[in-house]
Amino acid sequence: MERRRKIVDHSLKERHGILSLLKQVEKENVTYDEMDEIGLALKRAGKRALSPLVRSLWRETDAELLSKYAYLLDFFEDEPWLEQLIQIVLRRTDLDSTAKSALLGALQEYGIDINLPPFARLLDEVQGPLSETLPRLLEQGEEGLIIFMEDFLLYPQEMQLALVQELAHVPDPRVLTLLEVLLGVDSPEIVEEAVATLGKIREPGSADVLSACAAAASEPLRELCRRSLRRLAFVGIQPSPPVPVHPSPFHVAWVSPMDGAGYRTLWFARWRGTGQLAFICLHLHETTGIRAAWGAGNISVKEFDELSRERLPEEGLVRIPLPYALQLLRDGLFRNRDTMFQLPPEFYVLKGIFLGEDLQPTPYLPDFAGFDLNALAHATQHVVASDDLFDDDYFAGWYMATCRVYDFAEEWSTLEKTGERKALAKGLETILEQFCRELIGPAIEQIRSRLFLTADLLLRTGRDRLLVETALATALSLNSFTMPYHFHPFLRRLALESMDAAREALAEGYDLREHPHEADDDEWLD
């Protein structure tokens, strides 16, 4: 008798996976990159993932989460969800004005004209919500400003400009602090609207903010500031007499070595006049610039020391001269602008720490004038020793963390179980050849760039000249290396280190392939 074939239902597991992905959207500090990873994972799950996403939009009341859920809809190619989103906007009566604004902003992003009926009525309803919600946010200090900016940066520009205009009608003098933040946004239209709004706020502090902006700005923004100042002067509001500004010195600047995915941490701390410290910690990427920021505008020296004592060894931070740190910051800002990657809201709120410093976005090019690069390009002895670079702390984070790496690592572990040494050596060579061809070959320019930047940090922090030369020679060798990449000592070690890290994780019960949103795949494809 033929045995009945057992049918395994994987749908429950898939549903759990989808719900787990949607749960991650609720994380407090979920980044734009993580949102994109979640969206791609939902897209791979297909239409099965669309229903729980739409249900979340029907149930959620938080404006920030509604914006995030609406953002994820765009990852689904078919658009039956657009009609659903329209119905959600029109039929939900349980939402406050901020949540309604978030959904209207999403509709506008998807091409719906919200100035026409039936949406115009809803738009009228949400005009002026800031007079209710903003004072509560301002009571939270920096945290409240960050919450406002998180939402603000997600809105389409038309709604952003409308919100800035509405600030003039918020009866709270603390709104000037928010307008100061908006003056630092990388958008001429928003900055101009903030200047115009300041001219409508009949507070002495408004004239002071405009006066400071005019002193630092160039034309035509300076003339707009003067125009708003004249408007305030008509009602008897003049800026305070100018007082010489003597910015406090910086306490320290730290940076971490670049890791294998192109990330590094840049940390500034600066004295405040009160004997306290302000600090900002930036997460930088070599291509897209500042990806995340956190910090505090006022912290005690004791708190800062405790915090830094924990983070310094964890991230491998090293002290660097302030001019070099500012060069790296300006380079990060240039990368954000060049790739149109949105600066994090925390940066706008905390950037006051850089008062008096030049933050003009400028690409940074390392200077190796003291080295004979032509000679190093042919320095075979350095290339032969290049695998030793991985023994240095500056290369501790150099490994690839992608789902495909875990496939190769698992293949290596399976091969080891065969036991025969000769077969093991031959099999490992095959794995290394495929790994380097498939994963390292397409990323060779990124690896080369990261080697140059690491050599620059070695040089700037006074490390041994031979180490700098080895890093430079390795970078220069990559374009002229004619053999298969798994024969290059540095690239071979990179493959081994990557698989070793994956094997160790697998041995501890963690499999990146079960958490694809945490992978570095995109960082090796830019």
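Points worth noting:
- With 21 Å as the limit on Cα-Cα distance, the pairs of Lys200/Lys351; Lys23/Lys68; Lys23/Lys47 that go past it are Lys200/Lys351.
- Kirkwood Rh, angstrom, the chain [1 / mean 1/r, Cα pairs]: 26.5 Å
- Annotation: peptides 340-353, 375-388, ranked by per-residue average of other Cβ atoms within 10 Å with the highest first, follow the order 340-353, 375-388.
- Stokes-Einstein diffusion coefficient of the range 250-354, Kirkwood radius over Cα pairs, 4 °C, 1.567 mPa s, in µm²/s: 93 µm²/s
- Relative protection proxy for 439-452, 231-244, from highest mean packing down: 439-452, 231-244 (other beta-carbon atoms within 10 angstrom).
- Per-selection Rg to Rh, the range 173-279 - Cα, Kirkwood hydrodynamic radius: 1.10
- Remark on the range 446-520: Rg and Dmax equal 15.7, 43 Å (Cα only).
- Gyration tensor (Cα) of the range 373-520, equivalent ellipsoid semi-axes in angstrom: 28, 18, 13
- Per-peptide average of other Cβ atoms within 10 Å, ordering 251-260, 461-470 highest first: 251-260, 461-470
- Take every Cα pair under 8 Å whose residues are at least 6 apart in sequence, average their separation, divide by the length of the chain, and the relative contact order is 11 percent.
- Spacing of the two label points (7 Å from each Cα toward its C-beta) at Lys47 and Leu466, in nm: 6.6 nm
- Gained length - Gln434 relative to Leu90, 0.36 nm times residue gap less alpha-carbon distance: 118.4 nm
- Residues Lys27 and Gln360, FRET efficiency given R0 of 22 Å [Cβ-Cβ distance, rounded to 0.05]: 0.05
- Burial ordering of Tyr69, Tyr110, fewest other beta-carbon atoms within 10 Å first: Tyr110, Tyr69
- Near the amide H of Ile290, within less than 5 Å, lie the amide hydrogens of His285, Asn336, all on another chain or at least 5 residues away, with H placed in the peptide plane.
- Projected over every direction and averaged, the convex hull enclosing the alpha-carbon atoms of the range 131-235 yields 6.2 nm².
Bear in mind that the values in this text are calculations on the coordinates, not laboratory data. Owing to the predicted nature of the structure, the values given are computational and were not obtained by experimental measurement. Cβ coordinates were reconstructed from backbone atoms using ideal geometry, including for glycine residues, and neighbour counts include every protein chain displayed.
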